[in-house]
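Here's the structure we're looking at; comments come further down.
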Amino acid sequence: MIFEIIKDIDYITNINILNLTMNSKIRFTKIRDVKSPSYRIGDAGSDFYVPNKTEDFLEALLKKNVEELDNDIWVEGEDIVIGAHSQVLIPCGIKVDILDKNTYLDAENKSGIATKKELLVGAQVVDAIYQGEVHINLHNVSDKPQRIGFGTKAVQFLHKEYIQTVWEEISNDEYDMIETSERGAGGFSSTGLK
């Protein structure tokens, strides 16, 4: 009897692991000379890299940033230089196929890049139905130009689930009937700073 229960638990565990593997799988292809997304066991996010320096990548980078967005960026040697208080949109050379359509990729800062270079992530969400090239958006919040090297880690993407929201419009009178919470309409810092 105990052996059969353990066997059932093993079966259920294997099914759950299979479901987890299928739900967490993201297929990708590389359209530029770039390292594959990577992570270590225990890391929450997968590292995405700046592509290697090629004519194709430089053309796409400069077209997107200088011609279309008028961003203050330039290339020096093996680095992309982002002007003070400017941003860069890096076409990272990766296209993804997120199998679980109730999930998305969320770009987050790499701690070293954020703290040492003051380059912070801007646009963050890659929807499961997006099929184009993933772009990395970094903002230079410092008072001086900052560099990021070709072939180096730029951001980390976390694979997250979301709740599909159903929005229901109600009248102001109906809204006024909602029970008042402890916070009520208190906005910024209304709950205190300590």
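Listing for the model above:
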item: Long-range HN-HN contacts of residue 52 with modeled amide H, under 5 Å; result: 33, 34, 35, 151
item: 3J(HN,Hα) from dihedral phi, the range 94-111, Karplus parametrisation 6.51/-1.76/1.60, rounded to Hz, x for glycine, proline; result: 10, 10, 10, 10, 7, 5, 7, 6, 9, 10, 7, 9, 10, 6, 10, 5, 7, 4
item: Residue 136 long-range amide H proximity, modeled H, under 5 Å; result: 90, 92
item: Whichever lysines have a C-alpha closer than 26 Å to that of residue 117, once near sequence neighbours (fewer than 8 apart) are set aside; result: 35, 53, 63, 64, 144, 153
item: Distant-in-sequence amide H partners of residue 86 (H built 1.01 Å from N, under 5 Å); result: 140
item: Shape call, the range 77-140: gyration tensor on alpha carbons, a/c limit 1.5; result: prolate
item: Computed over the range 67-106, Cα set: Rg, Dmax in Å; result: 15.0, 42
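FYI, it's all coordinate maths here, none of it is from the lab. Please read these numbers as outputs of a predicted model, since none were measured by experiment.
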